[in-house]
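Since the structure comes first, as structure tokens, the remarks are kept for the end.
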Amino acid sequence: MLKRFFSYYKPYKLLFIIDFGCAVIAALLELAFPVAVNQVIDKLLPNKDWGLIVTAALALLFFYFLNMFMQYIVTYWGHMLGLNIETDMRRDLFAHLQKQPFEYYDNEKTGKLMSRMTTDLFEIGEVAHHGPEDIFISIMSLVGAFLLMMTINVKLAVMTIVLVPILTVLIIFFNKKMTGVNTQIFKDLGSFNAGVENAISGVRVVQAFANEGFERERFGKLNQTYRKSKLMFYKVMGFSFSFNYFLMRLITLFALFFGSYFVINDGISYGQFVSFILLTNVFMRPIEKINAVIESYPKGIAGFKRFIEVMDTEPSILDKPGAVDAGHLRGDIRYENVSFQYDSGKKVLDGVDLTVKAGETIAFVGPSGAGKTTICNLLPRFYDVTDGAITIDGVHIGAMTLASLRAQIGVVQQDVFLFSGTIRENIAYGKLDATDEEIWYVVRLAHLEKVVNEMPNGLDTMIGERGVKLSGGQKQRLAIARMFLKNPPILILDEATSALDTETELVIQQSLDELAKGRTTLIIAHRLATIKHADRIIVVNESGIAEQGTHAELMMKKGAYRQLHDAQFSRNE
């Protein structure tokens, strides 16, 4: 774990050396000040040489200014080092999360992932700066101060630091305690964030059901659980700090008591006594610094463990060894004895065989949960088949790189997701370098021109989080425009017109028909009226593909499709 942690220092070796070097110089200057005071009291004062005293004072002033500069570098550049490492870790974590398949997000809460991206990494950044530097400087200062104390009087030095071993044991003990408590705090914080994210994003449902009281109660429980974890941490920290404070003050008391004894018995001079007391304070500072590290170190270690936990979760869907660019696909698709089941063990597809010719429009119908969407999600490898194989143009989709495969497939999903931003930005997501002319072209194709022109800022109108300022039909049309812009050879339309009114649906259907010409199109539909034009209709039920054919052929068979059709249109009547 330490090796992985320190690997993030590699790009910033120079910054680390500057920060570390300045911290060492600052610590050495701190050790030099008591020695200088000793010399002033024992040598300059007795001689009453005011000129030398002024010179010594100016020299000390210069070193104070130098130390001030060193402290600035350590504080600013040192935190820059920690922030750079934190930023790199966040970059790697985000990139890793981007690789995770749909199934990973099926089992993870957004709030918990957000907590790992923010709070966890902030604590790691603090440790990255303070950890190695503070520990090294503290040890150096402790050893340096003790050696200087030994030069004044060996017996006095030994008597003064006799309590340090007890202090060290307490520090280690409380450090372990706080690391364990912090791990629990981060878990509770993840649950807390997930609960808050859930309640805020679902506020419309909460208010629609007048369940504000229930949500307040649920939030209250999360809030109290997090509070208890934090209180436990502060309790352990309180014990740690109070015990350490008492022992450190005992060390100062020992130095004062035994130092006075040696002064009275001419064991040391007044200058040496003052210098020894100052060195005792220098000796105490590293211990106090270690106490401060105790508060941040467990948080950082707990955060880094959680960071590693996510980074070590290998994506179940990756480019296969030797995968190549898909190039331009024609769209001949073949499912060969395809089976699929989720990690939970629930089997959705079992031995599905299906051939789709390039340019053919295929519609999937059937009851919810039968596997229509799953069949389509397997094509761009949002999920991987459990058994069997899927090929496009005779090439196994696993032999193609994920990026090149998905670039050839356009998807308009039933649950439209729009980014917080402008209409232009959301449409251009289909082609990031699209020109204004291209964007307006697809706006017209998706029959969004009137909507855009009525917006206060046209294409630059902000649509809010998840497109909250747009109607359901407007969101769906914007998603269709985005797909038009991508212009792929294979289309997947998952209830692409479900949120549209009948009149708008007919208009969009005409545009979709135009787009589907010469392309392979897979349509998932519940409203059978929208897919009568399909070259082939596939009826999917719990046992797999029940039947397939054109609308007319399936109506003649009087099978599963005819039953769905009659049931749906009898309801409409």
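The values are calculated or read from the model by the stated rules, or taken from the named source; none is laboratory data. On a predicted model such as this, the values are computed, not experimentally measured, just so you know. Here Cβ is always computed from backbone atoms with ideal geometry, including for glycine, and neighbour counts include all displayed protein chains.
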Item checked: Scan of region 307-349 for residues that are over 27 Å from residue 407 (Cβ atoms) and assigned to a loop (DSSP other than H, G, I, E, B), ordered by number -> 312, 343, 344, 345, 346
Item checked: Residues (over 39 Å from the mean Cα position of the chain (by Cα) and either within 17 Å of residue 567 (Cα to Cα) or of a type in the set (Val, Ile, Thr) (or both)) located in region 510-540 -> 527, 528, 529, 530, 531, 532, 537, 538, 539
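Could you say which residue among 394, 421, 388 is closer than 18 Å to residue 461 by Cβ, among the small types (Gly, Ala, Ser) and surrounded by fewer than 19 Cβ atoms within 10 Å (Cβ to Cβ)?
Numbers: 394 fails: closer than 18 Å to residue 461 by Cβ; 388 fails: closer than 18 Å to residue 461 by Cβ.
The unique qualifying residue is 421.
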Notebook entry, point to check: Exactly one of (1) modelled with pLDDT of 80 or more; (2) within 20 Å of residue 159 (Cα to Cα); (3) β-branched (Val, Ile, Thr) is unmet by residue 252. Its number?
Noted result: (1)
Notebook entry, point to check: Among 308, 333, 290, which is the only one that is among the hydrophobic types (A, V, I, L, M, F, W, C) and at pLDDT below 80?
Noted result: 290
Notebook entry, point to check: What is the residue count in region 2-35 for residues that are small (Gly, Ala, Ser) and either surrounded by fewer than 17 Cβ atoms within 10 Å (Cβ to Cβ) or outside the structural domain of residue 61 (by TED's automatic domain parsing) (or both)?
Noted result: 3
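Being of a type in the set (A, V, I, L, M) and either on the phi > 0 side of the Ramachandran plot or in contact (Cβ under 8 Å) with a residue 12 or more places away in the chain (or both) is the filter here; which residues of region 242-267 pass it?
Just the residues of region 242-267 that are of a type in the set (A, V, I, L, M), to begin with: 247-248, 250-251, 253, 255-256, 263-264.
Passing the criteria: 247, 248, 250, 251, 255, 256.
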Margin query: List the helices (runs of 4 or more DSSP H) inside region 366-456, counting only whole elements, that have at least 2 residues being modelled with pLDDT under 90 and acidic (Asp, Glu).
Written below: 449-454
Item checked: Candidates 83, 93, filtered to the one that is under 30 Å from residue 345 (Cα atoms), of a type outside the set (Asp, Glu) and either in contact (Cβ under 8 Å) with a residue 24 or more places away in the chain or not in a helix (DSSP H, G or I) (or both) -> 93
Next item on the list: Quick one: which helices (runs of 4 or more DSSP H) lie wholly within region 107-170 and hold at least 2 residues that are hydroxyl-bearing (Ser, Thr, Tyr) and in contact (Cβ under 8 Å) with a residue 40 or more places away in the chain?
Entry: 110-117, 119-152
Notebook entry, point to check: Which members of region 306-347 meet the condition of being more than 31 Å from the chain's Cα centre (by Cα) and either surrounded by 15 or more Cβ atoms within 10 Å (Cβ to Cβ) or on the phi > 0 side of the Ramachandran plot (or both)?
Noted result: 327, 329, 330, 331, 332, 333, 334, 335, 336, 337, 338, 339
